[in-house]
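Each remark here refers to the structure printed beneath this line.
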Amino acid sequence: MSSLQLLSEHACFGGVQRFYQHDSVAIGLPMKFGVFLPPQALCAPPQKVPVLFYLAGLTCNEETFAIKAGAQRFAALHGLALVTPDTSPRGAGIPGEADDWDFGIGAGFYLDATQEPWAAHYRMESYIALELPVVLAAALPLDRNRAGIFGHSMGGHGALTLALKYPQQFRSVSAFAPIAAPARCPWGEKAFSGYLGDDREAWNKHDASVLMAQAKNPFPEGILIDQGLADKFLVNQLHPEQFEAACAAAGQALTLRHHAAYDHGYYFIATFVADHVAHHAGILQAAS
(Lines give C-alpha, C1' and ligand atoms only; values in the text may rest on other atoms or scores of the structure.)
Protein backbone atom coordinates (compact mmCIF):
# COMPACT_ATOMS: atom_id res chain seq x y z
CA MET A 1 0.00 0.00 0.00
CA SER A 2 1.49 3.31 -1.03
CA SER A 3 1.68 6.20 1.38
CA LEU A 4 -0.40 9.33 1.03
CA GLN A 5 1.16 12.38 -0.61
CA LEU A 6 -0.09 15.60 0.94
CA LEU A 7 -0.78 18.10 -1.85
CA SER A 8 -2.09 21.03 0.21
CA GLU A 9 -3.70 21.91 3.53
CA HIS A 10 -5.76 24.83 4.75
CA ALA A 11 -6.90 25.81 8.25
CA CYS A 12 -10.69 25.66 8.30
CA PHE A 13 -13.20 26.12 11.18
CA GLY A 14 -10.72 24.99 13.80
CA GLY A 15 -9.80 21.93 11.77
CA VAL A 16 -7.91 21.43 8.54
CA GLN A 17 -8.89 20.84 4.92
CA ARG A 18 -6.33 18.67 3.17
CA PHE A 19 -5.93 17.26 -0.33
CA TYR A 20 -4.00 14.07 -0.93
CA GLN A 21 -2.84 11.85 -3.77
CA HIS A 22 -1.96 8.16 -3.60
CA ASP A 23 -1.37 5.21 -5.91
CA SER A 24 -4.65 3.29 -6.00
CA VAL A 25 -4.48 -0.49 -6.28
CA ALA A 26 -8.13 -0.75 -7.35
CA ILE A 27 -7.82 1.91 -10.05
CA GLY A 28 -4.23 1.20 -11.07
CA LEU A 29 -3.53 4.93 -11.28
CA PRO A 30 -2.86 7.83 -8.92
CA MET A 31 -6.06 9.13 -7.31
CA LYS A 32 -6.75 12.40 -5.50
CA PHE A 33 -9.15 13.03 -2.64
CA GLY A 34 -9.93 15.67 -0.05
CA VAL A 35 -10.21 15.22 3.72
CA PHE A 36 -11.56 17.68 6.26
CA LEU A 37 -10.41 16.82 9.78
CA PRO A 38 -12.42 18.50 12.58
CA PRO A 39 -10.72 19.93 15.67
CA GLN A 40 -11.31 16.71 17.63
CA ALA A 41 -9.03 14.81 15.23
CA LEU A 42 -6.20 17.31 15.72
CA CYS A 43 -5.97 17.35 19.50
CA ALA A 44 -3.24 15.53 21.46
CA PRO A 45 -3.77 12.67 21.50
CA PRO A 46 -6.07 12.78 18.44
CA GLN A 47 -9.53 11.31 18.77
CA LYS A 48 -10.78 8.87 16.17
CA VAL A 49 -13.76 10.60 14.61
CA PRO A 50 -16.66 9.36 12.48
CA VAL A 51 -16.19 9.84 8.75
CA LEU A 52 -18.63 10.97 6.10
CA PHE A 53 -17.89 10.23 2.45
CA TYR A 54 -19.29 12.65 -0.14
CA LEU A 55 -19.60 11.57 -3.79
CA ALA A 56 -19.77 14.42 -6.28
CA GLY A 57 -21.67 14.60 -9.57
CA LEU A 58 -20.84 14.72 -13.25
CA THR A 59 -17.84 16.88 -14.26
CA CYS A 60 -16.82 17.45 -10.62
CA ASN A 61 -13.65 16.43 -8.80
CA GLU A 62 -12.28 16.03 -5.28
CA GLU A 63 -12.29 19.81 -4.69
CA THR A 64 -15.83 20.73 -5.79
CA PHE A 65 -17.76 19.97 -2.62
CA ALA A 66 -14.98 21.17 -0.33
CA ILE A 67 -14.91 24.57 -2.04
CA LYS A 68 -18.60 25.14 -2.76
CA ALA A 69 -20.79 23.47 -0.13
CA GLY A 70 -19.58 25.07 3.12
CA ALA A 71 -19.96 21.75 4.92
CA GLN A 72 -16.77 22.04 6.99
CA ARG A 73 -18.48 24.45 9.42
CA PHE A 74 -21.07 21.80 10.31
CA ALA A 75 -18.64 18.89 10.25
CA ALA A 76 -16.51 20.76 12.80
CA LEU A 77 -19.58 21.40 14.95
CA HIS A 78 -20.49 17.69 15.01
CA GLY A 79 -16.96 16.30 15.10
CA LEU A 80 -17.13 14.51 11.74
CA ALA A 81 -14.44 14.10 9.09
CA LEU A 82 -15.42 14.69 5.45
CA VAL A 83 -13.86 12.70 2.61
CA THR A 84 -14.31 13.83 -0.99
CA PRO A 85 -12.99 11.40 -3.62
CA ASP A 86 -12.61 12.25 -7.28
CA THR A 87 -15.41 11.25 -9.64
CA SER A 88 -13.38 9.03 -11.99
CA PRO A 89 -9.88 7.86 -12.81
CA ARG A 90 -7.62 10.42 -14.46
CA GLY A 91 -4.87 9.62 -16.93
CA ALA A 92 -6.09 6.22 -18.12
CA GLY A 93 -5.27 7.23 -21.70
CA ILE A 94 -8.41 5.67 -23.16
CA PRO A 95 -9.23 7.13 -26.58
CA GLY A 96 -12.31 9.32 -26.34
CA GLU A 97 -12.56 9.29 -22.53
CA ALA A 98 -12.69 13.10 -22.45
CA ASP A 99 -15.06 13.55 -25.39
CA ASP A 100 -18.35 13.61 -23.43
CA TRP A 101 -19.12 15.46 -20.19
CA ASP A 102 -21.44 12.65 -19.02
CA PHE A 103 -19.23 9.63 -19.76
CA GLY A 104 -15.56 8.89 -19.14
CA ILE A 105 -13.45 11.41 -17.22
CA GLY A 106 -15.50 13.03 -14.46
CA ALA A 107 -18.26 10.46 -14.94
CA GLY A 108 -17.17 7.17 -13.39
CA PHE A 109 -20.68 6.45 -12.02
CA TYR A 110 -19.22 4.73 -8.93
CA LEU A 111 -19.25 1.25 -10.43
CA ASP A 112 -16.68 -1.29 -11.62
CA ALA A 113 -16.71 -1.37 -15.42
CA THR A 114 -16.79 -4.80 -17.04
CA GLN A 115 -16.41 -3.71 -20.68
CA GLU A 116 -13.14 -2.94 -22.44
CA PRO A 117 -11.36 -0.57 -22.55
CA TRP A 118 -12.91 0.72 -19.31
CA ALA A 119 -12.57 -2.37 -17.11
CA ALA A 120 -8.88 -1.96 -16.32
CA HIS A 121 -9.13 1.39 -14.56
CA TYR A 122 -12.77 2.48 -14.17
CA ARG A 123 -13.28 0.66 -10.87
CA MET A 124 -14.77 3.37 -8.70
CA GLU A 125 -17.00 1.00 -6.71
CA SER A 126 -14.06 -1.03 -5.45
CA TYR A 127 -12.09 2.14 -4.84
CA ILE A 128 -14.74 3.94 -2.77
CA ALA A 129 -16.25 1.02 -0.89
CA LEU A 130 -13.25 -1.25 -0.34
CA GLU A 131 -9.89 0.47 -0.82
CA LEU A 132 -10.21 4.08 0.27
CA PRO A 133 -11.72 3.44 3.74
CA VAL A 134 -8.80 1.13 4.57
CA VAL A 135 -6.20 3.59 3.26
CA LEU A 136 -7.71 6.42 5.28
CA ALA A 137 -8.08 4.49 8.53
CA ALA A 138 -4.45 3.40 8.35
CA ALA A 139 -3.14 6.94 7.97
CA LEU A 140 -5.59 9.27 9.74
CA PRO A 141 -7.59 9.29 13.01
CA LEU A 142 -10.81 8.12 11.35
CA ASP A 143 -13.17 5.48 12.70
CA ARG A 144 -14.12 3.36 9.68
CA ASN A 145 -16.69 1.54 11.84
CA ARG A 146 -18.63 4.81 12.03
CA ALA A 147 -18.84 5.82 8.37
CA GLY A 148 -21.67 7.36 6.39
CA ILE A 149 -22.04 8.28 2.73
CA PHE A 150 -23.91 10.96 0.79
CA GLY A 151 -23.70 12.57 -2.61
CA HIS A 152 -25.21 14.70 -5.35
CA SER A 153 -26.73 13.69 -8.70
CA MET A 154 -24.41 10.98 -10.08
CA GLY A 155 -22.88 10.96 -6.60
CA GLY A 156 -26.32 10.59 -5.05
CA HIS A 157 -26.73 7.50 -7.20
CA GLY A 158 -23.35 6.31 -5.97
CA ALA A 159 -24.16 6.99 -2.33
CA LEU A 160 -27.47 5.14 -2.43
CA THR A 161 -26.18 2.13 -4.36
CA LEU A 162 -22.95 1.72 -2.40
CA ALA A 163 -24.77 2.09 0.90
CA LEU A 164 -27.21 -0.63 -0.14
CA LYS A 165 -24.48 -2.92 -1.46
CA TYR A 166 -22.02 -2.37 1.42
CA PRO A 167 -24.07 -1.84 4.60
CA GLN A 168 -21.11 -3.13 6.62
CA GLN A 169 -19.13 -0.11 5.40
CA PHE A 170 -21.76 2.63 5.63
CA ARG A 171 -24.13 3.07 8.58
CA SER A 172 -25.95 6.13 7.21
CA VAL A 173 -26.90 7.51 3.81
CA SER A 174 -28.44 10.62 2.26
CA ALA A 175 -28.49 12.34 -1.12
CA PHE A 176 -29.09 15.59 -2.96
CA ALA A 177 -31.05 15.23 -6.23
CA PRO A 178 -29.81 11.68 -6.89
CA ILE A 179 -30.07 9.82 -10.16
CA ALA A 180 -32.44 7.45 -8.40
CA ALA A 181 -33.32 5.05 -11.22
CA PRO A 182 -30.30 5.15 -13.59
CA ALA A 183 -31.27 2.06 -15.55
CA ARG A 184 -34.30 4.04 -16.76
CA CYS A 185 -32.86 7.46 -17.63
CA PRO A 186 -30.61 8.77 -20.44
CA TRP A 187 -27.58 9.44 -18.23
CA GLY A 188 -27.69 5.96 -16.75
CA GLU A 189 -28.41 4.20 -20.03
CA LYS A 190 -25.40 5.85 -21.64
CA ALA A 191 -23.07 5.09 -18.74
CA PHE A 192 -24.29 1.56 -18.09
CA SER A 193 -24.19 0.50 -21.73
CA GLY A 194 -20.64 1.83 -22.04
CA TYR A 195 -19.26 0.49 -18.77
CA LEU A 196 -21.37 -2.66 -18.33
CA GLY A 197 -22.56 -3.68 -21.81
CA ASP A 198 -26.09 -4.37 -23.00
CA ASP A 199 -27.24 -6.79 -20.28
CA ARG A 200 -29.86 -4.85 -18.36
CA GLU A 201 -29.80 -7.39 -15.54
CA ALA A 202 -26.24 -6.22 -14.90
CA TRP A 203 -27.49 -2.64 -14.88
CA ASN A 204 -30.00 -3.44 -12.12
CA LYS A 205 -27.13 -4.21 -9.73
CA HIS A 206 -26.29 -0.49 -9.88
CA ASP A 207 -29.81 0.95 -9.75
CA ALA A 208 -30.82 2.27 -6.32
CA SER A 209 -34.54 1.82 -6.93
CA VAL A 210 -34.09 -1.82 -7.94
CA LEU A 211 -31.72 -2.53 -5.06
CA MET A 212 -34.03 -0.90 -2.52
CA ALA A 213 -37.04 -2.87 -3.75
CA GLN A 214 -35.10 -6.04 -2.93
CA ALA A 215 -33.92 -4.82 0.49
CA LYS A 216 -35.47 -5.25 3.93
CA ASN A 217 -35.24 -1.94 5.82
CA PRO A 218 -31.42 -1.78 5.75
CA PHE A 219 -31.29 1.72 7.30
CA PRO A 220 -33.71 1.76 10.25
CA GLU A 221 -32.67 5.31 11.22
CA GLY A 222 -33.96 6.50 7.85
CA ILE A 223 -32.67 7.97 4.58
CA LEU A 224 -32.76 11.70 3.76
CA ILE A 225 -33.12 13.02 0.20
CA ASP A 226 -33.52 16.66 -0.85
CA GLN A 227 -34.79 17.55 -4.30
CA GLY A 228 -35.26 20.97 -5.88
CA LEU A 229 -38.43 21.45 -7.89
CA ALA A 230 -36.74 23.90 -10.29
CA ASP A 231 -34.15 21.24 -11.16
CA LYS A 232 -34.07 20.98 -14.96
CA PHE A 233 -33.03 17.33 -14.74
CA LEU A 234 -35.82 16.22 -12.40
CA VAL A 235 -38.32 14.86 -14.90
CA ASN A 236 -36.06 13.12 -17.42
CA GLN A 237 -33.03 12.05 -15.37
CA LEU A 238 -33.62 11.79 -11.62
CA HIS A 239 -36.94 9.97 -10.88
CA PRO A 240 -36.97 10.22 -7.07
CA GLU A 241 -40.55 8.96 -7.11
CA GLN A 242 -39.29 5.53 -8.18
CA PHE A 243 -36.93 5.34 -5.23
CA GLU A 244 -39.72 6.55 -2.95
CA ALA A 245 -41.97 3.73 -4.17
CA ALA A 246 -39.16 1.21 -3.67
CA CYS A 247 -38.64 2.41 -0.09
CA ALA A 248 -42.35 2.05 0.61
CA ALA A 249 -42.30 -1.51 -0.73
CA ALA A 250 -39.24 -2.36 1.38
CA GLY A 251 -40.51 -0.73 4.57
CA GLN A 252 -37.58 1.67 4.48
CA ALA A 253 -38.06 4.98 6.28
CA LEU A 254 -37.42 7.82 3.81
CA THR A 255 -37.61 11.57 4.20
CA LEU A 256 -37.92 12.97 0.66
CA ARG A 257 -38.12 16.76 0.80
CA HIS A 258 -39.18 18.83 -2.21
CA HIS A 259 -38.06 22.44 -2.38
CA ALA A 260 -39.76 24.99 -4.62
CA ALA A 261 -37.44 27.28 -6.65
CA TYR A 262 -34.24 25.31 -5.98
CA ASP A 263 -32.25 23.98 -8.95
CA HIS A 264 -29.59 21.28 -9.37
CA GLY A 265 -26.52 23.26 -8.34
CA TYR A 266 -24.39 23.96 -5.30
CA TYR A 267 -26.48 26.88 -4.04
CA PHE A 268 -29.14 24.21 -3.41
CA ILE A 269 -26.62 21.89 -1.75
CA ALA A 270 -25.16 24.65 0.43
CA THR A 271 -28.66 25.57 1.63
CA PHE A 272 -29.42 22.12 3.02
CA VAL A 273 -26.01 20.60 3.73
CA ALA A 274 -26.30 21.36 7.46
CA ASP A 275 -29.32 19.07 7.65
CA HIS A 276 -27.44 16.26 5.94
CA VAL A 277 -24.39 16.53 8.19
CA ALA A 278 -26.69 16.54 11.23
CA HIS A 279 -28.57 13.49 9.87
CA HIS A 280 -25.35 11.51 9.65
CA ALA A 281 -23.92 12.84 12.90
CA GLY A 282 -26.96 11.69 14.85
CA ILE A 283 -26.57 8.15 13.54
CA LEU A 284 -22.78 7.88 13.59
CA GLN A 285 -22.25 9.48 17.00
CA ALA A 286 -24.87 7.17 18.49
CA ALA A 287 -22.99 4.20 17.04
CA SER A 288 -20.08 4.91 19.39
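The values are calculated or read from the model by the stated rules, or taken from the named source; none is laboratory data. All values reported here derive from a predicted model rather than from experimental measurement. With ideal geometry, Cβ positions are generated from the backbone for all residues, glycine too; neighbour counts draw on all protein chains shown. These accessible areas exclude ligands, DNA and RNA; they are computed on the full protein's heavy atoms, side chains included. Shrake-Rupley method; radii C 1.70, N 1.55, O 1.52, S 1.80 Å.
Things to note:
- Close pairs (6 angstrom Cβ cut-off, 6 or more residues apart or separate chains): more than 14 Å from ASP207 (Cβ to Cβ) in segment 238-251, of a type in the set (A, V, I, L, M) and open to solvent by 50 Å² or more (accessible area, probe 1.4 Å) anywhere: ALA249/ALA213
- Breaking point among (1) assigned to a loop (DSSP other than H, G, I, E, B); (2) open to solvent by 30 Å² or more (accessible area, probe 1.4 Å); (3) among the hydroxyl-bearing types (Ser, Thr, Tyr), for SER8: (1)
- Hits in segment 78-122 - residues which are assigned to a loop (DSSP other than H, G, I, E, B), of a type in the set (Ser, Thr, Tyr) and crowded, with 16+ Cβ neighbours inside 10 Å: THR87, SER88, TYR110, TYR122
- Failed item in (1) within 25 Å of VAL273 (Cβ to Cβ); (2) surrounded by fewer than 22 Cβ atoms within 10 Å (Cβ to Cβ); (3) in contact with a Lys or Arg (Cβ under 9 Å, 6 or more places away or on another chain), with ILE225 passing the rest: (2)
- Test: HIS258 is surrounded by 15 or more Cβ atoms within 10 Å (Cβ to Cβ), over 17 Å from the mean Cα position of the chain (by Cα) and either of a type in the set (Gly, Ala, Ser) or at pLDDT 95 or above (or both): no
- When the residues of segment 172-190 are filtered to those that are in contact with a strand residue (DSSP E or B) (Cβ under 6 Å, 6 or more places away or on another chain) and outside any strand (DSSP E or B), the one that is surrounded by the most Cβ atoms within 10 Å (Cβ to Cβ) is ALA177.
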